[in-house]
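This report concerns only the one structure given below.
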Amino acid sequence: MEYKIIDRASFKRFLGLNKSDKVPDRKTYTGEEQEKDYKNKEVISKLNEKGCRNNPLPDEQKANNRHESKTRARVEHVFGFVENSMHGSIIRTIGIARAKAKIGRMNLTYNICCCVQLKIVVSMG
């Protein structure tokens, strides 16, 4: 992502960044400063907690991590399916209407595959 932002001025404009703005990287989205922004915007952080070598996570945080991971796994499953089974999620079309149609077909294909998979599981008992 960092490369794309640096590489393309139009992508910087899309993100609302000026030429002089610092390019966000993977470390930009965590830390105390980000937590303050979350509180100001009344957003709940859904990041998993991480233990250290001599300071393991308490059971409450482990349970919270499991709860958050279940939601994230369901959401990421769709993207993983598109990436692995449909050979990537890059849309190379001319025009927004064609891009929307292609994304719609990808979503429809995912839903059909899930339906077939569920029917197989149900028929097996």
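Read-outs: derived from the displayed coordinates by stated rules, not from any lab. Note that this is a predicted model, so its numbers are computed, not measured. Note that we place each Cβ from the backbone using ideal geometry, even for glycine, and neighbour counts take in every protein chain shown.
Does the range 47-58 contain any residue that is charged (D, E, K, R), under 23 Å from Gln34 (Cβ atoms) and without any contact (Cβ under 8 Å) to a residue 12 or more places away in the chain? Scanning the range 47-58 turns up at least one residue that is charged (D, E, K, R), under 23 Å from Gln34 (Cβ atoms) and without any contact (Cβ under 8 Å) to a residue 12 or more places away in the chain.
Does Tyr38 qualify as being touching a helix residue (DSSP H, G or I) at 6+ places or on another chain (Cβ under 6 Å) and surrounded by 10 or more Cβ atoms within 10 Å (Cβ to Cβ)? Answer is no for this residue.
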